[in-house]
Amino acid sequence: MCNILRVRWTIIPRTPPEPRIACSRCGGVRPFRSSGKIRLNANGRTLDAWLIYRCTACGNTWNRPIFERRNIRDLDGAALEALQSNDPDRVRGWAFDLDVLRRKAQSVDERADVDVRKEVLSECDAWTSLEIGLAVPFATSLRLDRLLARELGIARSDLQNAREGMRIRTEPHHPGILRKRIKDGTRVRIDLAVDAESRLRWRAAATGLTDHDNPRAAEIG
Ligand SMILES: [Zn+2]
């Protein structure tokens, strides 16, 4: 019997991480911000590509290598076009590549500001469990408990203690996962002992939909 409301939350961070680097102009270790612009340099048959960052204090630039000395023939047309046009999706991928930034910088400042896109995967009338699947395409420092508390409108302490007839399981399951940064593919299952009215409230929070007459099962994937 169907008793689960399944939703997917796609988490899109608003601000890319900012590496802290010694600025050669203003003379301190400063956060540098991605300009969203790519710089290319052709040398014979090879190409260098950098993502340009700017010092948040003085505007000095830092060229972060994307690749260096790459043979132009090894690049397909689409990749070259993306580099030449500062393709926002590609730039985003590089700007959020935390592993690379951590290797290049003394430290990396991260923000936890995100947009959450909510989709209903499947739904039935008398559901008693809410299953949230997280899609996290870009690194964010946002903690799982903060995300759930904010989006579901409940206190973090209630999540930790699973109060008021609420039972929470996560996959993967490990102690402290609620306090860790959110990861792609995590699933959160919340069992609720709820009446019809509070079910509507939970549904609105989980799906972003307020109209109960919306098509119930948008079968996706
Ligand atoms: Zn500076």
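The calculated FRET efficiency for CYS58 paired with ALA126, based on their beta-carbon distance and R0 = 41 Å, is about 0.10.
Legend: translational diffusion of the chain by Stokes-Einstein, Rh = Kirkwood radius over C-alpha pairs, 4 °C, 1.567 mPa s; D = 64 µm²/s. What the range 19-109 shows is 58 Å² of accessible area per residue, with the surface traced by a 1.4 Å probe over protein heavy atoms.
Calculated mean residue ellipticity at 222 nm for the chain: -6000 deg cm²/dmol, from DSSP H runs with n ≥ 4 weighted as -39500 (n - 2.57), summed, divided by the residue count and rounded to 500. Of all lysines in the structure, those lying under 25 Å Cα to Cα from LYS104, and not within fewer than 8 positions of it along the same chain, are LYS37, LYS180, LYS183. Considering only VAL7, THR186, THR56, whose Cα is most displaced toward the positive end of the charge dipole of the chain, charges sitting on Cβ of Lys, Arg (+1) and Asp, Glu (-1)? Result: THR56, furthest along the dipole toward the positive end. For the chain, with all protein chains in place and a probe radius of 1.4 Å, 45% of the accessible heavy-atom surface sits on carbon or sulfur. Once backbone amide H atoms are built at 1.01 Å from N, ASP109 has GLU18, ARG20 as its partners under 5 Å, excluding neighbours fewer than 5 places away on the same chain. Of all DSSP beta bridges confined to the chain, the antiparallel ones make up roughly 85%. Placing a label point 7 Å from the Cα of VAL29 along the Cα-to-Cβ line, the residues of the range 106-140 whose backbone N sits under 17 Å from it are 106-110. Computed about its Cα centre, the charge dipole of the range 19-109 is approximately 420 debye, with only Lys, Arg, Asp and Glu carrying charge at their Cβ. A Cβ-based charge dipole, computed about the Cα centre of the chain with Lys and Arg at +1 and Asp and Glu at -1, lands at about 1180 debye.
The values are calculated or read from the model by the stated rules, or taken from the named source; none is laboratory data. Remember, it's a predicted structure, so these values are computed and weren't measured experimentally. Note: ideal-geometry Cβ built from the backbone for every residue, glycine included; neighbour counts use all protein chains shown. Side chains included, ligands, DNA and RNA excluded: accessible areas come from the protein's heavy atoms. Shrake-Rupley method; radii C 1.70, N 1.55, O 1.52, S 1.80 Å.
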